[in-house]
């Protein structure tokens, strides 16, 4: 680690994403390139930083992420992650609202929970994928294997639940010669055979954790769930020869104080260490409050200038003391490695766990819990912005006021006046967080291609008012997680109707026509085509309602795409009064990357210009203008745009 990091932080956890990718290549070698992999990222990715690890795993081919509870899933969602997220542990009923709001996939171990889940989704009018956990010998989560068949049959009768997966968990996978593993496998595989024999096909079946991947390749099924091995730690000594894994985490700090003591001087609380000769002691700003266990008092070691040095005295809450008498060149500011490599020396998580009488999993989860994570990516240590280890999201009722206060304070501090800060907050964030039960929806790759043209002579024959309008053909495209197999595209006559369309989660896209007529006709607003992942979606019906004109779409082909990322394309033909010289496009969801093109060639529009207002880290789009033809705005595909952003195109009449 370069010296600048040791000056920047008191202590830090260094996460090597290059080594993480190396471990992933080993998983692909062991499971085959076509095998599905769920990356386990519970407990903040075993302390490594769940958001960054998740993004890295998804780029390397992970099809799903595994967390322990809804809160962990929420943190990933608000961190911008759209991929399927499976809650591996049984959930209490109190988590159902968050599961719905943030589009998480629960595991079901109990028929009572399944009923509550189905009832909640029935109110929403949507369907959710679930995975059923079967207890084949772990004795923890899951429905008992001899009761599983009957429970699964009942769950399959629930109209708002889709059984996407079924899994069990090995309790002794790190030991490759224990018959208990094969017994668990037999119970699980027998259940799968029984289900198939009864015409019940569950698409995703998974059993293998890290130990299973390494010791029992025959258990792999459609998907595996590696955790500890992806972070470079072998589940046991038995597996060290089966995969070449590289540790991902190092815990580092600095020497903040050096003092020379005579013989007979006590160091630390309760005088557990007394010098027996003149001794040089280094103080480091790490203690059991940072996850460096109290049990390591007088037995832990650190690396300084490539040499081992013993922890002496009791580990305090915020400090440790190290005997550096033998390291004569040691000075204040030196890097100290408590776990990881320095020079030719290496202190492993397993070594620390042995001294602390625990397991490496616990060491990874708690070590450096107060320290920022610094990510090494393709050899560069500043390639990813450091983050604190945990983002605490309390329960929903308490968090609303807490989050409000934090966000408003930030805007007030950065704006010229508190009043301006409040205005920005209410305009931007009420859209996203204003309703407690509103489900968070994220979109990527937003494209909006607008073509303004005159009506043809043939079209004017059938519409006597065509001279008063421009014909507007619009292609809308974006990617999102699909939530329902039936949805509609709405066209409102006024803002009151538009507000009603926003209240219905089945409304996929909304348009404000500004019509003076009591009802909207097909020639005023026509949906020409709807596609999902380049497959045409049938238009079921079109009708006028109290909230405007609704075009309903759906079909059996969509069901398999529910709760999975999908690319949606919509083509609309509508009218625009020539007397109105503005055309606006608004972003009402958090959106990553966009391209908006306004094409007006062949019309009499003059002096066309754009006024854009985008909120995000990089709010200024790239603008390409072709005089008399088009204006196009682009924002990089990796950049997030906040709600209530948009652009207005203006021209002279």
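Couple of notes before you dig in:
- Each Cα pair under 8 Å and six or more residues apart adds its sequence gap; the mean of these over the residue count of the range 48-142 is a relative contact order of 22 percent.
- Rounded to the nearest 0.05, the FRET efficiency derived from the C-beta distance between residue 241 and residue 194 at R0 = 45 Å is 0.75.
- A Förster radius of 30 Å, combined with the Cβ-Cβ distance separating residue 259 from residue 348, puts the computed FRET efficiency at roughly 0.50.
- Reduced Cα scattering model of the range 250-387, Debye log10 I(q)/I(0), q = 0.08, 0.18, 0.19, 0.22 Å⁻¹: -0.21, -1.03, -1.14, -1.45
- Computed from Cα atoms, the angle from the helix 179-197 axis to the main principal axis of the chain rounds to 20 degrees.
- Acute angle (nearest 10 degrees) that the helix 50-59 long axis makes with the longest principal axis of the chain, alpha-carbon atoms: 70 degrees
- Stokes-Einstein D for the range 439-652, Kirkwood Rh over Cα pairs, 25 °C, 0.890 mPa s (µm²/s): 136 µm²/s
- Cα pair distances in the range 63-213, grouped into 10 Å bins until the bin that holds the longest one, percent each: 11, 41, 35, 13, 1
- Rg/Rg_ref, the range 121-275, where Rg_ref = 2.2 N^0.38 Å and atoms are Cα: 1.61
- Globularity index of the range 443-502, i.e. its alpha-carbon radius of gyration over 2.2 N^0.38 Å: 1.55
- Pairwise Cα distances in the range 31-99 exceed 15 Å in 49 percent of cases.
- Normalised size of the chain, defined as Cα radius of gyration per 2.2 N^0.38 Å with N residues, equals 1.15.
- Measuring nothing but how far apart in sequence close Cα pairs (under 8 Å, 6+ apart) lie, relative to its length, the chain scores a relative contact order of 11 percent.
- Normalised by the number of residues in the range 18-246, the average gap of Cα pairs under 8 Å and 6 or more apart makes the relative contact order 20 percent.
- Each of the peptides 581-588, 320-327 was scored by the mean count of other Cβ atoms within 10 Å over its residues; in descending order, highest first, they stand as 320-327, 581-588.
- Sorting 100-111, 146-157, 592-603, 521-532 by average packing, meaning the other beta carbons within 10 Å per residue, from highest down gives 100-111, 592-603, 521-532, 146-157.
- Between the Cα long axis of helix 17-31 and the first principal axis of the chain there is an angle of about 80°, rounded to the nearest 10.
- Residues residue 269 and residue 369, FRET efficiency given R0 of 25 Å [Cβ-Cβ distance, rounded to 0.05]: 0.70
Each value in this text was obtained by applying a stated rule to the coordinates, not by laboratory testing. Since this is a predicted model, take the numbers as computed values, not measurements. Ideal geometry is used to build each Cβ from the backbone, glycine not excepted, and the neighbour counts take in all protein chains shown.
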